[in-house]
Amino acid sequence: MKKPKPQPGLPSRDQILRFIEDSPGAIGKREIAKHFGLRGADKIALKALLKDMTDEGLVDMAPGRAFHKHGGLPRVTVLRVAAVEGDAVWAVPDRWEGAGAPPRLRVMEKGRRGALGIGDRILARTEERGSGHVAHAMKTLQAGGETIIGVLVSDTGPGGKPMIWLRPADKRARFDFAVSDMGDAAIGDLVRAELSGGGPATKARVIDRIGDPFAPRSLSMIAIAKHEIPHIFGDEVIDEAERAAKLPLTPDGREDLRDLPIVAIDPVDARDHDDAVWAIPDDNPGNKGGFRAIVAIADVSFYVRPGGALDREARRRGNSVYFPDQVVPMLPETLSAGVCSLKAGEDRAAMACHLVIDRHGKVTSWRFARALVRLRANIAYEDAQAMIDTGKLLPFERRGGVGAPDNAPRRTDSVHPPTPFPGGEGEILSALQNLWACWKLLAKARAARAPLDLDLPERQVILDEQGGIAEIRVRERLDAHRLIEDYMIAANVAAAKALEAKKSPVMYRIHEPPSRDKLVSLKDYLETFDQRFALGQVITPAVFNRLIDGFAGDDRLPEIMEAILRSQTQAYYGPANSGHFGLALGSYAHFTSPIRRYADLIVHRALVDSYRLEAPGKPKGLPAKTGLGEADAKGFSRIGEAISALERRAMEAERETVDRYVAAYLAGKVGEVVAARITGVQPFGFFATVDGLGGDGLVPVSTLGSERFFYDEAARTLDSEHGRVSYSVGQRLELRLMDANPVSGALRFALPDAPDEGFRNRPPRRDGVKKAGKHMVGKRGRPTNIKHKGKRR
């Protein structure tokens, strides 16, 4: 039946909305005027009506001046590919101004599949299908203008004229950018901007206001925006998490371990507890002097099932990201800090790894089972260590941080109130003593294996109650930390070998040996310390450990360990086993942290399939299966690549945020002289870090003095022309802090006696001063015999 032709005259708002909703293509003013038969003055009135409807929030205007219902998705719009999962391509709107999170659309590719990759921009026709949308790709578009994250600042421009500038969040950026359009953002806001033009004429146009990065506990906002880390859960994900949290937890299909005094030992401020442990001397006569142990891990696969919205979101995030001011969790808090988290006195679903350990510390057998546990205690590392050291339980009022400095956070929040232990005081101390006795055997086996022993300091940012920086210190490493680490390693190895025994796919944690190129660089560096390093020897972690032992008590030990660390490859996830070089293990997987790592969740699902541990029943509104999905079982390589990249993103974001907090902490000390250590040397200057705090700042070669400098690449030194001064990696010296930028985390130093403008009048270059293996550094800190490529911004 044909629709009645509309009568001439200006249509009503409702008529226009119905026409936009019913039309299959893009609808602009011309299409509306033609449909309603408008001419002359009516077309002018339609333009005004559409503007009013836009101002009233009834319709939105998409690129190309096409209209669509407010908060909805345009029929034809520009999309950006956000994920590629097997043959499925998913995209999001290139710009989204609707309510809530931007919709995720399945892209129906035209022609050859696999042509689209993450980041590609397409013009697409959108179509509602079921409860979601699909997109039909029409054509691929050129990449958009370069976007940049930064903070808006007010400063003077040419001729002293007040201007608005964008200060980039990337410490590698050398210049601020003049802002041509700041939209609805204000000075001090963190924004996303699009750059246009080139060279000195480059302008920044604000396209998105992100928020105030200098509000209390907000500096991590910069890294979240810069690295596009998902930090808001959509309604569909939250709804599924709440349904999953209501799943009945019964002993059916589970071992009931609630009578065992299992405990969790975690950081003092932990909110999500993945793991808990228990050990007891083995009463089997055939294992005299050995132990039985259980590593109980949160049974996340029971709640997060393959193919659901929760699973898709967890894979998209890959891992939780830990900042000083907040945690961006992989799973909604209903699960991560709720029903999945192993809390004392509450029944929890667990995946139990049963271990038998002989008197030499060797794990002789293992078994995996779904279990029901009720922990006796959640104990801070410092508390557990204090109990073992004193042989006594802690005074009630001191639980939650004994052994930590007086201003360390205590367990006084609602998650960890300092209540009496549910299992009784004596039972807890006995449980800890058994754990320590068993760990001494595991530690003996670890020493025999000789894994890489790099004890590099880790910075810890302590915030006060107002979210300001109270202290930045090096995190203390106790035996309690090593104990949990060794139990987790034992369970991870058991998981990998258990899956291998069933010829099941394994998501290995792989750490390959150093490449020859890295070893040659390390050899050249060690020669500057008169330390030989034979390239022909079999390279094992023990080789590096002997190097470290040779510098014990030497002030140069930190830079030796950093050089060894730089020579290592980066660990990653994948189904092809190459062993774990750093841990000196042939088979290794991650099993022990499924609340915060997707790789561990995949390993749990593989164990469920391999050992027939499927949960009974078919929950309403959730996928039934808790093991591997069919597509996942075949896509381990693709999944491994994706979660490895997400892990690297998280590590970079975490490191950058700590640097920003260090810069914010030091911002009040600009102009002061600080104790520092050189961490890197380049032709243009050297980098230094503040002792005890960290951070990273440049000392430009132009500020080092009136002499010319040579850069010795092998020795990693800058040497003055007449040999009076030399700067090398690891050297300790005093420097004046010239700038500390919390936006980028960058620091800038100068020598204490350097003039503010640097040493500009250097003698001209003389013939014959070039030395073998070194590069002459010119007036601007650039080597005169090296060609540099790259765009100067």
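The values are calculated or read from the model by the stated rules, or taken from the named source; none is laboratory data. Predicted model only: the values in this text are computed from it and were never measured. All Cβ positions, even for glycine, are placed from backbone atoms using ideal geometry, and neighbour counts span all protein chains on display. Heads up: the accessible areas ignore ligands, DNA and RNA and are worked out on the full protein's heavy atoms, side chains in. Shrake-Rupley method; radii C 1.70, N 1.55, O 1.52, S 1.80 Å.
Considering each of His227, His231 in turn, give the residue that is open to solvent by less than 50 Å² (accessible area, probe 1.4 Å), more than 28 Å from Ile379 (Cα to Cα), in contact (Cβ under 8 Å) with a residue 40 or more places away in the chain and not polar (S, T, N, Q).
From the options His227, His231, the qualifying one is His227.
Of all the listed residues (Ala740, Ala663, Ala675), the sole one being part of a helix (DSSP H, G or I) and within 33 Å of the chain's Cα centre (by Cα) is Ala663. The set of residues in the range 236-265 that are closer than 24 Å to Trp439 by Cβ, part of a strand (DSSP E or B) and open to solvent by 10 Å² or more (accessible area, probe 1.4 Å) contains only Glu255. Among the residues of the range 740-752, are any open to solvent by less than 50 Å² (accessible area, probe 1.4 Å), touching a helix residue (DSSP H, G or I) at 6+ places or on another chain (Cβ under 6 Å) and either modelled with pLDDT under 90 or of a type in the set (Lys, Arg) (or both)? Checked against the condition, which is being open to solvent by less than 50 Å² (accessible area, probe 1.4 Å), touching a helix residue (DSSP H, G or I) at 6+ places or on another chain (Cβ under 6 Å) and either modelled with pLDDT under 90 or of a type in the set (Lys, Arg) (or both), the range 740-752 yields no hits at all. Residues that are assigned to a strand (DSSP E or B), open to solvent by 30 Å² or more (accessible area, probe 1.4 Å) and in contact with a Lys or Arg (Cβ under 7 Å, 6 or more places away or on another chain) within the range 347-377 comprise Asp347, His354, Val356, Arg374, listed in sequence order.
Looking for something part of a loop (DSSP other than H, G, I, E, B), under 30 Å from Ile639 (Cα atoms) and of a type in the set (Asp, Glu) - is there at least one such residue anywhere in the range 494-507? Scanning the range 494-507, I find no residue that is part of a loop (DSSP other than H, G, I, E, B), under 30 Å from Ile639 (Cα atoms) and of a type in the set (Asp, Glu), so the answer is no.
Note on the range 623-660: residues that are in a loop (DSSP other than H, G, I, E, B) and touching a Ser or Thr at 6+ places or on another chain (Cβ under 7 Å) total 1. In the range 574-600, the residue that is farthest from Leu454 (Cα to Cα) out of those that are among the small types (Gly, Ala, Ser) and in a loop (DSSP other than H, G, I, E, B) is Ala576. Here the condition is being in contact with a Lys or Arg (Cβ under 7 Å, 6 or more places away or on another chain) and of a type in the set (Val, Ile, Thr); of Val729, Val670, it holds for Val729 alone. The residues of the range 323-371 that are polar (S, T, N, Q) and more than 26 Å from Glu427 (Cβ to Cβ), listed by number, are Gln326, Thr334, Ser336, Thr364, Ser365.
Of all residues assigned to the range 602-614, none qualifies as being open to solvent by 50 Å² or more (accessible area, probe 1.4 Å) and small (Gly, Ala, Ser).
Selection of the range 679-697 for residues being assigned to a strand (DSSP E or B) and open to solvent by 20 Å² or more (accessible area, probe 1.4 Å) yields Thr679, Gln682, Phe687, Asp696. Of all residues being touching a residue at least 60 places away in the same chain (Cβ under 8 Å) and not in a loop (DSSP other than H, G, I, E, B) in the range 564-573, which is surrounded by the fewest Cβ atoms within 10 Å (Cβ to Cβ)? Just the residue, please. So the residue we want is Leu565. Could you go through the range 296-317 and let me know if any residue there is surrounded by fewer than 19 Cβ atoms within 10 Å (Cβ to Cβ), of a type in the set (Ser, Thr, Tyr), outside any loop (DSSP other than H, G, I, E, B) and in contact with a helix residue (DSSP H, G or I) (Cβ under 9 Å, 6 or more places away or on another chain). Within the range 296-317, none of the residues are surrounded by fewer than 19 Cβ atoms within 10 Å (Cβ to Cβ), of a type in the set (Ser, Thr, Tyr), outside any loop (DSSP other than H, G, I, E, B) and in contact with a helix residue (DSSP H, G or I) (Cβ under 9 Å, 6 or more places away or on another chain).
The sole residue among Arg660, Arg655 that is without any contact (Cβ under 8 Å) to a residue 24 or more places away in the chain, more than 21 Å from Arg370 (Cα to Cα) and basic (Lys, Arg) is Arg655.
Only one of the numbered conditions (1) exposed (fewer than 14 other Cβ atoms within 10 Å of the Cβ); (2) hydrophobic (A, V, I, L, M, F, W, C); (3) part of a helix (DSSP H, G or I) is not met by Cys438, and that is (1).
Contact map, the range 431-460: residues that are over 23 Å from Met561 (Cα atoms) paired with residues that are among the hydroxyl-bearing types (Ser, Thr, Tyr) and buried (at least 16 other Cβ atoms within 10 Å of the Cβ), Cβ distance under 9 Å, separation 6+ or inter-chain. Pairs shown: Leu435/Tyr487; Cys438/Tyr487; Trp439/Tyr487; Leu442/Tyr487. Scan the range 459-476 and give yes if some residue there is touching a Pro at 6+ places or on another chain (Cβ under 9 Å), part of a helix (DSSP H, G or I) and either closer than 25 Å to Gly694 by Cβ or open to solvent by less than 20 Å² (accessible area, probe 1.4 Å) (or both), otherwise no. Within the range 459-476, none of the residues are touching a Pro at 6+ places or on another chain (Cβ under 9 Å), part of a helix (DSSP H, G or I) and either closer than 25 Å to Gly694 by Cβ or open to solvent by less than 20 Å² (accessible area, probe 1.4 Å) (or both).
Scanning the range 123-166 for residues that are modelled with pLDDT under 85, farther than 15 Å from Ala91 by Cβ and surrounded by 15 or more Cβ atoms within 10 Å (Cβ to Cβ) gives no hits. Condition check: touching a helix residue (DSSP H, G or I) at 6+ places or on another chain (Cβ under 7 Å) and of a type outside the set (Val, Ile, Thr). Does Leu342 satisfy that? Here the answer is no, as Leu342 does not meet what is asked.
Screening the candidates Val493, Val520, Val543 for the property of being of a type in the set (Val, Ile, Thr), under 28 Å from Ala642 (Cα atoms) and either touching a Leu at 6+ places or on another chain (Cβ under 8 Å) or surrounded by 13 or more Cβ atoms within 10 Å (Cβ to Cβ) (or both) yields one hit, Val493. With respect to being within 25 Å of Arg104 (Cβ to Cβ) and hydrophobic (A, V, I, L, M, F, W, C), Leu342 falls outside the description. Every condition in (1) more than 22 Å from Asn378 (Cβ to Cβ); (2) in a helix (DSSP H, G or I) holds for Arg292 except the one numbered (2). When Ala186 is tested against (1) in contact with a Gly (Cβ under 9 Å, 6 or more places away or on another chain); (2) aliphatic (A, V, I, L, M); (3) in a loop (DSSP other than H, G, I, E, B); (4) within 26 Å of Asp94 (Cα to Cα), only condition (1) is not met.
Yes/no matrix, rows are residues, columns are (1) in a strand (DSSP E or B); (2) under 26 Å from the mean Cα position of the chain (by Cα); (3) modelled with pLDDT of 90 or more:
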{"position": "Glu562", "(1), (2), (3)": "no, yes, no"}
{"position": "Ile602", "(1), (2), (3)": "no, yes, yes"}
{"position": "Val608", "(1), (2), (3)": "no, no, yes"}
{"position": "Gly621", "(1), (2), (3)": "no, no, no"}
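Out of curiosity, is Asp554 modelled with pLDDT under 95, within 33 Å of the chain's Cα centre (by Cα), exposed (fewer than 14 other Cβ atoms within 10 Å of the Cβ) and not polar (S, T, N, Q)? For Asp554, the condition - modelled with pLDDT under 95, within 33 Å of the chain's Cα centre (by Cα), exposed (fewer than 14 other Cβ atoms within 10 Å of the Cβ) and not polar (S, T, N, Q) - is not met. For the range 297-339, a residue qualifies if it is over 16 Å from Asp272 (Cβ atoms) and among the basic types (Lys, Arg), and the qualifying residues are Arg305, Arg312, Arg315, Arg316.
For the range 506-515, the condition holds for at least one residue, the condition being that it is over 25 Å from the mean Cα position of the chain (by Cα), more than 24 Å from Ile294 (Cβ to Cβ) and either modelled with pLDDT of 90 or more or hydrophobic (A, V, I, L, M, F, W, C) (or both).
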